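The values are calculated or read from the model by the stated rules, or taken from the named source; none is laboratory data. Please read all numbers here as calculations on a predicted model, not as lab measurements. As a convention, Cβ positions derive from the backbone with ideal geometry for all residues, glycine included, and neighbour counts pool all protein chains shown. SASA here: full protein model, heavy atoms, side chains in, ligands and nucleic acids out. Shrake-Rupley method; radii C 1.70, N 1.55, O 1.52, S 1.80 Å.
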Amino acid sequence: HSLDPSERAIERLRQDGMGDKARVGFSQSIPFDSAKFDVVVMSEVLEHLDDATLDATLDEVHRVLKPGGVFLATTPFREDLRTGTVVCPGCANVFHRMGHVQSIDRVRMRQMLEGHRYRIERLSITTFVDWQRKGAKNLVKSALRVLLARLGEPIADPHLFAIARKSG
């Protein structure tokens, strides 16, 4: 199953064989039945949500998970939102170039998840690398990038990875 606010993205998924399992919608109002899923994955979503939408989203994920279901989430780790700030040349609005409104660290993620009745099973820092790239040089670069990310170094583009189980 898939949920995305973009009708275009959902139409592509439907054409690629997902059919009605792909739906247009928003995370704060998930259009699926309660206790439907064993696992919900949100990769690079939470940082885009304001506080009210984030709270509603975590409640909705809890609602659609089966008892004991698992929530997997990734988000940039301790992102300095100021470094991504841009100004629209047409209207002078200031915004983050990727639409991020949250900077999330381990403490914040723990508070968010535990505050919405999740039991955290894993909270780690990593980065996204392509382990399929051939050659020793690429392997060493990827390993170094993961190491730097685990140390929280911004140059490595660190991401927080959470595994939490529905409780309550």
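Here are a few things to note about the model shown:
- Where a residue in segment 99-113 is under 16 Å from residue 58 (Cα atoms) and touching a residue at least 40 places away in the same chain (Cβ under 8 Å) and its partner, wherever it lies, is crowded, with 20+ Cβ neighbours inside 10 Å and among the small types (Gly, Ala, Ser), with Cβ under 7 Å and at least six apart: 109/162; 113/162; 113/164
- Scanning segment 27-53 for residues that are part of a loop (DSSP other than H, G, I, E, B), open to solvent by 30 Å² or more (accessible area, probe 1.4 Å) and under 25 Å from residue 159 (Cα atoms) yields 28, 44, 45, 50.
For every residue, the table says whether it meets (1) outside any loop (DSSP other than H, G, I, E, B); (2) within 26 Å of residue 147 (Cα to Cα).
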{"residue": "92", "(1), (2)": "no, no"}
{"residue": "100", "(1), (2)": "no, yes"}
{"residue": "107", "(1), (2)": "yes, yes"}
{"residue": "110", "(1), (2)": "yes, yes"}
{"residue": "116", "(1), (2)": "no, no"}
{"residue": "120", "(1), (2)": "yes, yes"}
{"residue": "128", "(1), (2)": "no, yes"}
{"residue": "133", "(1), (2)": "no, yes"}
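- Flag for residue 121 being surrounded by 13 or more Cβ atoms within 10 Å (Cβ to Cβ), under 27 Å from residue 26 (Cβ atoms) and acidic (Asp, Glu): no
- Cβ-Cβ under 6 Å pairs, at least 6 apart or on other chains, segment 155-168 side at pLDDT 95 or above, far side assigned to a helix (DSSP H, G or I) and open to solvent by less than 70 Å² (accessible area, probe 1.4 Å): 160/109; 162/109; 164/113; 166/62
- Scanning segment 133-152 finds no residues that are closer than 30 Å to residue 34 by Cα and in contact with a helix residue (DSSP H, G or I) (Cβ under 9 Å, 6 or more places away or on another chain).
- Residue match in segment 58-69 (condition: surrounded by 14 or more Cβ atoms within 10 Å (Cβ to Cβ), closer than 26 Å to residue 153 by Cβ, at pLDDT 95 or above and not aliphatic (A, V, I, L, M)): no
- Candidates 24, 107, 87, 94 - the one that is within 21 Å of residue 125 (Cα to Cα), of a type in the set (A, V, I, L, M, F, W, C) and surrounded by fewer than 18 Cβ atoms within 10 Å (Cβ to Cβ): 107
- Among residues of segment 127-168, those that are open to solvent by 30 Å² or more (accessible area, probe 1.4 Å), more than 22 Å from residue 69 (Cβ to Cβ) and touching a Lys or Arg at 6+ places or on another chain (Cβ under 7 Å), counted: 1
- Qualifying residue in segment 12-25 (condition: over 17 Å from residue 98 (Cα atoms), touching a Lys or Arg at 6+ places or on another chain (Cβ under 6 Å) and either at pLDDT below 95 or of a type in the set (Ser, Thr, Tyr) (or both)): yes
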